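Derivation of every value follows stated rules applied to the coordinates shown; laboratory data play no part. These figures come from a predicted structure and were not determined experimentally. Positions of Cβ are backbone-derived with ideal geometry, glycine not excepted, and every protein chain shown enters the neighbour counts.
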Amino acid sequence: MGIGSQLIVEGLTAPAEIRIDEYGIAHLRAQSEPDLFLAQGFNAARDRLFQIDLWRRQGLGRLAAVFGDEFLERDAAARLLLYRGDLRLEWLAYADSTRRVCTSFVAGINAYIRMALEDPELLPPEFGAIGYLPEVWDPADIVRIRNTGVYTNAIDEVVRAMTVARYGAAADDLRQRRIPADPLSPPEGLDLAAVSFEDLGPYLAAMLPPAFAPHQEGLPTEAPDGSNNWAVHGSRTATGRPILASDPHRDAASLPGLRYLVHLSCPGLDVIGGGEPHLPGISVGHNGHAAFGYTIFFADQEDLYVYELDPEDPERYRYGDGWEAFRLVQEEIPTRTGDQPVTLRFTRHGPVLRHDPASRRATALRAAWLEPGMAPYLGSLGYMRARSWQAFLDGLNGWGGPGEYLMYADADGRLGWRAAGLVPHRPNWDGTFPVPGDGRYEWDGWCAPEELPGEVDPERGFTSTANQYPFAPEDPLAGRVGRVWPSGIRKHRIDAVLAQRSAVTVAEMFALQDDVVDVLAPRVIAAAAAIADAHPLLTELRGWDGRLEADSHQALVYELWVREHLTPALRRHAIAALLPPASRGDFEAYLATVPPPKRDDELLAALLETGADHLAAIVTDSLERTRQDLLTRFGLRDATAVWGDLHRARADHPLRRLLPGLEDELLTTGDRPTGGSPNTLRLSMSDAAYRKMVGATFRVVVDVGGWDGSLAMNSPGQSGDPRSRHYRDLVTRWIDGDPLPLRYTRAAVDASTVGLIRLLPAG
């Protein structure tokens, strides 16, 4: 489909067009909103059909029909976590046009699917390699699927209960810092010792992506730390216009990527930016007057309930002074070998994750994201049209999940952010543990939007968020919205840089998104040098500026030292001081079976700065172990190895091992050296082999008012079809920090068009 292509598209009422620039960004033009969103769905299928089909199959519990009976359990889990409420109430919970938009969007997807079924050359090659065909969609599919957001508090509740039961509350402090660090108070009537990962069961299965790569199997994982955004007032920019920057962080190891850039234009609407390809609208971008973006607001939207079963009837659970019957739903799950019946159980709180008559226990999940209006990220349809701060706030009333800090800046000079999401009030507990499901622990409504934190038009001329804990100690919501938050170090770096500059440019803001300075590293090094005798590695690190560049030897030394030797040594010392000898090895082994402790170099630096006597030996020994580690890994006796020799980025097709019929080189980007760490704005959360797993592959920096000067990035590429030149063409630019122009005006788009597809109505 190149210049001059014409396609008859079922459902269109008037001609439309898809203009494609040299980076694969599609600019859609239509004569009405229904046609525009139909064109968006058609284009999403054109570029990402296999990806969005897999998303739908995973969400609806239809993987086993294609991939075999081994996916029966995962399908049952997905069906358990579908929205099963009143669809009328569901649609009413969003912006007024949401149902119409989703209906048009799905009509476009289906139009492309029907076209591809008639012409199999249009199908991505994965369908032929695996041996199945895509299914048509229903608009309700978009809102019923709920397991694709960032929600993991239930995991933390279980791990905390297990830790406290086995090793005590102080041991849990070594696993996960809580903010605020109030004393733990297990709920009355909960047997902590009985809690295990079995209580999560289908939750863990449903939250797995539809992938088969080794890094996505095994231990449960917590939500990734990440995402940055900020807005700068025109008084602090080189042009006098505001700038908004947003780089949400998620999976950085999948091919194709999670997000998709697109431009939607019709009379009354002209919006550009990115979102997830299976959803209509734009989540991060601008509308020609206002720009917007988001980062995760780590609100606790989940609770795990534990029930006593009736000894006379295991299909009943205790509630209050009596017994209530589970609501049973019978379903048939299609598999390759035929339909398989499953029974799904529900309580008044939500889906049952474990039903164990032998122990007379059951567990269920209560999740805000199973309430009406909580389809992940669909709430962006409520704010993407906003042309004023108040209209933006009004649009956030339709945002449900996941919790987000929504950033805003407009051409009138207003800027600010507001946290949004459906957050429950817990009147008598804080959500840190599972709770008995007998009626003593019930949600009492929701936080009002105006109760959630925010900021507008600050005097300093800029504002930022980076997943930080947002409450002052005196705030009524402090400690009641969530207790597990990323470190505030990335926000500290953003604010420090912006405070020092008075005439920033769009290019500088894109470079700041790619910043690899760890502001804590010099502090850690200085504290270590103050308490330990000079070591050759400390000599190498002194004077280093903390830049985690891929070509930096000091970055390699520092990360290897802190991550693999210093932090584990300090943790072992803390364990030894906390637990009797017989329990220490057991606790170490236990930590290897749960989501790993979050790295917290702020606490590390503060500990070293105490200068305690025992620290000198720990620091010296960890440095020597690091020196030996370098010799073993690299044979080094000089400073030739660099951070990028160890720290690599690679994106793979999620079904790579299942596609032997395709050329393997098409299904991976290959290893690329990359910089950054969990402490840098160019966030990199890597696995045990130092493969980057989480970070920013999608970025937008908006020149508010000078729209054609905006910049973006979307790696590995815009297309999800391995045959396309836009499948992985942006990887090198992403690694090098080389942005794409995000052209907006008609003249700029027309001048950059390299492909044109005309969409014509039938008849």
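Scan the range 406-481 for GluC sites (Glu not before Pro) in coil per DSSP, keeping those whose Cβ has at most 10 other Cβ atoms within 10 Å, and list them by number.
Numbers: sites: E442, E450, E451, E455, E459, E474; in loops: E442, E459, E474.
The qualifying sites are E459, E474.
With a 10 Å radius around each residue's Cβ, average the other Cβ atoms per peptide and rank 289-296, 260-267, 272-279, highest first.
So the peptides 289-296, 260-267, 272-279, ranked by packing, come out 289-296, 272-279, 260-267.
Divide by every residue of the chain the summed helix terms, -39500 (n - 2.57) for each DSSP H run of at least 4, and state the resulting mean residue ellipticity at 222 nm, rounded to the nearest 500 deg cm²/dmol.
Mean residue ellipticity, 222 nm, calculated: -9000 deg cm²/dmol.
Which helices count as membrane-span-like in the chain under these terms: full DSSP H, at least 18 Å along the axis by C-alpha, Kyte-Doolittle mean of -1.0 or more?
In the chain, the long hydrophobic H runs are 33-60, 98-118, 153-167, 615-634.
Label-point separation (nm) for D394 and T745, each offset 7 Å from Cα along Cα-to-Cβ?
That separation, rounded to one decimal, is 3.0 nm.
Measuring from label point to label point, each 7 Å out along Cα→Cβ, what is the E665 to D645 span in nm?
2.7
Arranged from highest to lowest average of other beta-carbon atoms within 10 Å per residue, in what order do the peptides 313-326, 24-37, 80-93 appear? It would help to have the intermediate numbers written out before the result.
Values: 313-326: 15.2, 24-37: 22.5, 80-93: 17.4.
So the order, starting with the most tightly packed, is 24-37, 80-93, 313-326.
Post the alpha-carbon centroid distance, the range 355-413 to the range 259-338, in whole angstrom.
9
Relative contact order for the range 418-467 using alpha-carbon pairs under 8 Å, separation at least 6, rounded to a whole percent?
45
Just report the Cα centroid separation between the range 669-711 and the range 163-186, whole Å.
33
In percent, how large is the relative contact order of the chain, given Cα pairs closer than 8 Å and 6 or more residues apart?
In percent, rounded to a whole number, it is 21.
Let a ≥ b ≥ c be the square roots of the eigenvalues of the Cα gyration tensor of the range 630-763; is it rounded (a/c under 1.5), or, if not, prolate (a/b larger than b/c) or oblate?
On the way: a/c = 3.01, a/b = 1.56, b/c = 1.93.
Oblate shape, in that a/c is at least 1.5 and b/c is the bigger or equal ratio.
Relative contact order of the range 246-405: what whole-number percent is it, with Cα pairs under 8 angstrom and at least 6 residues apart?
20
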